[in-house]
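See below for the structure under consideration.
The values are calculated or read from the model by the stated rules, or taken from the named source; none is laboratory data. What you see is a predicted model; the values in this text were computed from it and never measured. We place every Cβ from the backbone using ideal geometry, glycine too, and count neighbours over all the protein chains shown. Accessible surface areas use protein heavy atoms only, side chains included; no ligands, DNA or RNA. Shrake-Rupley method; radii C 1.70, N 1.55, O 1.52, S 1.80 Å.
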Amino acid sequence: MAGKVIAVVQQKGGSGKTTLAVNLAVACTRRGLTVALLDTDPQGSLGRWFMARRERLGDPGMEFSTSSAWGVSYECEKLKRSADIVIIDTPPKVDADLRPALREADLILVPVASSHVDLWATDGVLDLAARERKAAWMVLNRVRQGTRLSEDVARAAGELSAGLAEARLANRVAYAETLGQGLGAEEAGTKAVKDEVAALTDEVLAKLNG
């Protein structure tokens, strides 16, 4: 059976796309799933993380590939033959180049940091996803627990047409530290971090298989 594809998409830079992609990838491998990463962002952050992981661990525990926007379909078709989950990290922009990734996706995740600017930046992504007749799910990232701003953004996000994941990733140093080390936060973080990632992974896999 062919694997499922997750596209992580957001037109605003610094929203946490790569953080979301790597933590889902690591969490899925720790659950016994085979994972392939596809980096279509010219900035190459996902690739740098993968190389740091390979240098640190020897066996990164997952496959990795890069592609131009228009090579996404071919790469996904190839990777799905051997992986249960293919995760695509996309460039921070919304234009025709993004459409191949959206078309291949079984699930579109849109990370939104706790600011109204990040929330406004989802408009173009959600519109493009709707044109491709794909459902998009927003994931609140870098949430500052207990702040009014975070709750305001969460409330506003919940009022949009896209789905909103119940699980959230908090604004924790562990996510940035482990990213630079080629690790997932589950592999080096506190129980609170592990619980956050586990809850999000549960929700994402349920949506994929629902």
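Step by step: first the residues of the range 21-48, then only those that are open to solvent by less than 40 Å² (accessible area, probe 1.4 Å) and out of contact with any Asp or Glu (no Cβ under 9 Å at 6 or more places or on another chain), then the one that is nearest to residue 71 (Cα to Cα). Which residue is that?
If we take residues in the range 21-48 being open to solvent by less than 40 Å² (accessible area, probe 1.4 Å) and out of contact with any Asp or Glu (no Cβ under 9 Å at 6 or more places or on another chain), then 44 is nearest to residue 71 (Cα to Cα).
Can you say whether residue 42 is under 15 Å from the mean Cα position of the chain (by Cα) and over 24 Å from residue 187 (Cβ atoms), as far as the supplied structure shows?
Working: under 15 Å from the mean Cα position of the chain (by Cα): no; over 24 Å from residue 187 (Cβ atoms): yes.
So residue 42 does not fit the description; no.
Can you name the number of the only condition in (1) on the phi > 0 side of the Ramachandran plot; (2) in contact with a helix residue (DSSP H, G or I) (Cβ under 8 Å, 6 or more places away or on another chain) that residue 62 fails?
With (1) on the phi > 0 side of the Ramachandran plot; (2) in contact with a helix residue (DSSP H, G or I) (Cβ under 8 Å, 6 or more places away or on another chain) applied to residue 62, the lone miss is (1).
Out of curiosity, is residue 193 assigned to a helix (DSSP H, G or I), open to solvent by less than 10 Å² (accessible area, probe 1.4 Å) and within 13 Å of residue 20 (Cβ to Cβ)?
Working: assigned to a helix (DSSP H, G or I): yes; open to solvent by less than 10 Å² (accessible area, probe 1.4 Å): yes; within 13 Å of residue 20 (Cβ to Cβ): no.
No; evaluated as a whole, the condition is false for this residue.
Report, by residue number, each residue of the range 32-45 that is at pLDDT 95 or above and either in contact with a Leu (Cβ under 9 Å, 6 or more places away or on another chain) or of a type in the set (A, V, I, L, M, F, W, C) (or both).
33, 35, 36, 37, 38, 39
If we scan the range 68-84, do we find a residue that is within 13 Å of the chain's Cα centre (by Cα) and either over 18 Å from residue 188 (Cα atoms) or buried (at least 17 other Cβ atoms within 10 Å of the Cβ) (or both)? Steps first, answer last, please.
From the range 68-84, those within 13 Å of the chain's Cα centre (by Cα) are none; that's our starting set.
The answer is no, given that none of the residues of the range 68-84 is within 13 Å of the chain's Cα centre (by Cα) and either over 18 Å from residue 188 (Cα atoms) or buried (at least 17 other Cβ atoms within 10 Å of the Cβ) (or both).
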